[in-house]
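One structure is given here, and the rest of the page talks about it.
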Amino acid sequence: MEMNRSMARLLGRVDTEGITPDEAPPGFLRIAEAGWEVTPGGAHVLSALKSAPPGPFSDVVHEEYTVNGRGMTDYDLPASGEERESRLLRRCLAYARVALLRADALGSAVEVSAYVSLSYGGLADDHLTANVTFCGDHPGVRPYAADLEAFRSESLLKLRRAGLPPW
């Protein structure tokens, strides 16, 4: 697991022990459980999110983050505060884990990673939102986030399948 300093501070405040798959919203679980496929261009995408390509991609990683990236459901959470922060992060991690565990079925040499970000937005930059996307580490292709510290306005974590403890 790699992260920027902002995510390290966030993980210091949020209890991530005992996360279970059912902490991910049901729609996200269905997406993860539907599995993965490799597109003709070599992108590793969640099958349930794949549709007709929205246009030309600059490279395989661009295709992956475009297809796989989603904002985390938050309409049922408090508008602000520690509970929102904790539950958003835990939801993202639960979804990411289920999806990464399913990626094994591809039997690909490409390692797929989950990128979890939390950042403030809205009209007054006071509304915490979260996003999860998945990208592979493709030889000769620039990674989605080469320098996590360069993302100063968000908390960013890269979670790899390798080394994930079992549920």
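The values are calculated or read from the model by the stated rules, or taken from the named source; none is laboratory data. This structure is a prediction, so every number in the text was calculated from the model and none was measured. Here the Cβ is made from the backbone with ideal geometry for all residues, glycine too, and neighbour counts use every protein chain on show. Accessible surface is based on the protein model in full, side chains and every heavy atom, while ligands, DNA and RNA are left aside. Shrake-Rupley method; radii C 1.70, N 1.55, O 1.52, S 1.80 Å.
Brief remarks on what is shown
- Residue check for D104: buried (at least 17 other Cβ atoms within 10 Å of the Cβ), without any contact (Cβ under 8 Å) to a residue 60 or more places away in the chain and among the acidic types (D, E): no
- All positions within the stretch 21-32 that are under 14 Å from L100 (Cα atoms) and exposed (fewer than 15 other Cβ atoms within 10 Å of the Cβ): R30
- Within the stretch 115-150, the set of residues being open to solvent by 70 Å² or more (accessible area, probe 1.4 Å) and modelled with pLDDT of 90 or more comprises Y120, P139, G140, R142, Y144, D147.
- Residue within the stretch 55-69 that is free of Cβ contacts under 8 Å to residues at least 60 places away in the same chain and of a type in the set (G, A, S) present: yes
- Just so you know, in the stretch 55-91 the residues that are of a type in the set (G, A, S) and within 26 Å of G35 (Cα to Cα) include one that is nearest to the chain's Cα centre (by Cα), and it is G69.
- From the list A43, A48, A94, the one residue that fits, being open to solvent by less than 20 Å² (accessible area, probe 1.4 Å) and under 16 Å from V132 (Cα atoms), is A94.
Results for (1) in contact with a Ser or Thr (Cβ under 7 Å, 6 or more places away or on another chain); (2) charged (D, E, K, R); (3) modelled with pLDDT of 95 or more, shown as yes or no for each residue.
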| residue | (1), (2), (3) |
| --- | --- |
| I31 | no, no, yes |
| W36 | yes, no, yes |
| P56 | no, no, no |
| V61 | no, no, yes |
| L77 | no, no, no |
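- Listed conditions (1) touching a residue at least 60 places away in the same chain (Cβ under 8 Å); (2) open to solvent by 30 Å² or more (accessible area, probe 1.4 Å) are all met by G35, apart from (2).
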